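The values are calculated or read from the model by the stated rules, or taken from the named source; none is laboratory data. Since the model is a prediction, treat every value here as computed from it, not as a measurement. Here Cβ is always computed from backbone atoms with ideal geometry, including for glycine, and neighbour counts include all displayed protein chains. Keep in mind that these areas ignore ligands, DNA and RNA; they rest on the heavy atoms of the full protein, side chains included. Shrake-Rupley method; radii C 1.70, N 1.55, O 1.52, S 1.80 Å.
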Amino acid sequence: MVPVAAGDGFSPEQRRDIDRAIRAAETVSRYEFSVYVGAAEGEPNAFARRLHAALVAPHRSVLVMVDPDAHSLEIVTGTAVRRDLPDESVRLAIATMQSTFEAGDLAGGIKRGVALLADAARKPETLHSDQP
Amino acid sequence: MLGSLGLAPAFADTPAAWPQQPHVSGWDYIVVLLLIPLGVFVLVWLVITVPAHRRSQGQATGEPWGDRREWFGGPRQSVDAADEVTPEALSASEHETGGASGRW
C-alpha cells in the first residue's frame, strides 16, 4: 500500500476562525472551551477524559477532541458545565459536527459544534422584578 | 550652413567583408522580446502562488492528518499532562463529567 502524505493541517484562516469561535463561545457561556485535533492515544473516550482532567479548570471546561484519521469525535464537559449543558445538547452538537465533517469541512464542523455547545450552555438572563 | 563649413553627415554602408546578419522577422521579434519573458513570468508566478494557494485551502476531513496535534483554547502541554493524570483522579472525575461520543 502506498503511504499517503499527510495534509497541510489547518490554514491560518481556519485557525483564526476556530480561535474566534472559541473566544465567542467562552464569552457567551462563561465556560472554558478547548479543542484538540489529533490522534488519540489508546481508546478515544478515555484519552479525551484524560485530556479534560489535565486542563487548568476541568470542572468549568468543555473539551472537544477530534481524531481526523480515526473519524472519532469526543466531547467532555466538566461538572459545573454539565449543569447548564446536558448530555442531550452535547449529542445534538455532535450530530451537527458529524454531518459537517462528512461533507469534508473539518474546521467548519468544529466551529459549528463549539457555537452550538456555547449556545446550549448559555445561562438565561435574569429578569429583575424590582424594575418598574 | 553645414555645407558652407565643409561639414557633412557621414554615410557608410556595411563593409562587404562582414558576414550578412540573418533576417529577423516580426514574429521572431515578438517571440524573443514578448512571449519568452511572458512565459518566464507566468512560470515564476505559478511556482510562487500554487503552493500558497494549496496551503490556504486548509485541511479537509478526507485528507490524512498524520501525527500532527493542534490545540485551540488549551495549553499545549495538556497532551503530555494527560499522561500524568492519576487513575484515581480520572475515575473520580468520570462519575461527574458529562459529554458524548460520535464517529463519522
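So here's what we get for this one:
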item	result
Residue B:102 open to solvent by less than 70 Å² (accessible area, probe 1.4 Å), within 7 Å of chain A (Cβ to nearest Cβ), modelled with pLDDT of 75 or more and in contact with a Leu (Cβ under 6 Å, 6 or more places away or on another chain)	yes
Any chance residue A:71 is at pLDDT below 95, open to solvent by 50 Å² or more (accessible area, probe 1.4 Å) and more than 19 Å from residue A:10 (Cβ to Cβ)	no
Test: residue in segment A:61-70 that is closer than 21 Å to residue A:106 by Cα and of a type in the set (D, E, K, R)	yes
Criterion (among the aromatic types (Phe, Trp, Tyr) and assigned to a helix (DSSP H, G or I)) met by exactly one of A:33, A:47	A:47
Test: residue A:98 is at the interface with chain B (Cβ under 7 Å from one of its Cβ atoms), in contact (Cβ under 8 Å) with a residue 60 or more places away in the chain and either over 20 Å from residue B:91 (Cβ atoms) or open to solvent by 50 Å² or more (accessible area, probe 1.4 Å) (or both)	no
Residue A:80, sole failed condition from (1) more than 7 Å from every other protein chain (Cβ to nearest Cβ); (2) in contact with a Leu (Cβ under 9 Å, 6 or more places away or on another chain)	(2)
Selection from segment A:1-19 of residues that are over 13 Å from the mean Cα position of the chain (by Cα) and at pLDDT 85 or above	A:10, A:11, A:12, A:13, A:14, A:15, A:16, A:17
Members of segment B:4-48 that are small (Gly, Ala, Ser) and at pLDDT 85 or above	B:25, B:26, B:39
Extreme residue, farthest from the other protein chains (Cβ to nearest Cβ), among residues of segment A:104-123 that are over 10 Å from the mean Cα position of the chain (by Cα) and modelled with pLDDT of 90 or more	A:119
Yes/no for residue A:55 being modelled with pLDDT under 90 and either in a strand (DSSP E or B) or crowded, with 22+ Cβ neighbours inside 10 Å (or both)	yes
Scope segment A:13-24; condition facing chain B (nearest Cβ under 8 Å) and of a type outside the set (Lys, Arg); matching residues	A:13, A:14, A:18, A:19, A:22
Residue A:75 facing chain B (nearest Cβ under 10 Å) and in a helix (DSSP H, G or I)	no
Conditions (1) facing chain B (nearest Cβ under 8 Å); (2) over 14 Å from the mean Cα position of the chain (by Cα); (3) among the hydroxyl-bearing types (Ser, Thr, Tyr): number failed by residue A:27	(1)
Residue check for residue B:57: at pLDDT below 70, facing chain A (nearest Cβ under 7 Å) and open to solvent by 90 Å² or more (accessible area, probe 1.4 Å)	yes
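Residue-wise test of (1) surrounded by 24 or more Cβ atoms within 10 Å (Cβ to Cβ); (2) out of contact with any helix residue (DSSP H, G or I) (no Cβ under 7 Å at 6 or more places or on another chain).
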{"residue": "A:28", "(1), (2)": "no, no"}
{"residue": "A:41", "(1), (2)": "no, no"}
{"residue": "A:78", "(1), (2)": "yes, no"}
{"residue": "A:83", "(1), (2)": "no, yes"}
{"residue": "A:91", "(1), (2)": "no, yes"}
{"residue": "A:118", "(1), (2)": "no, no"}
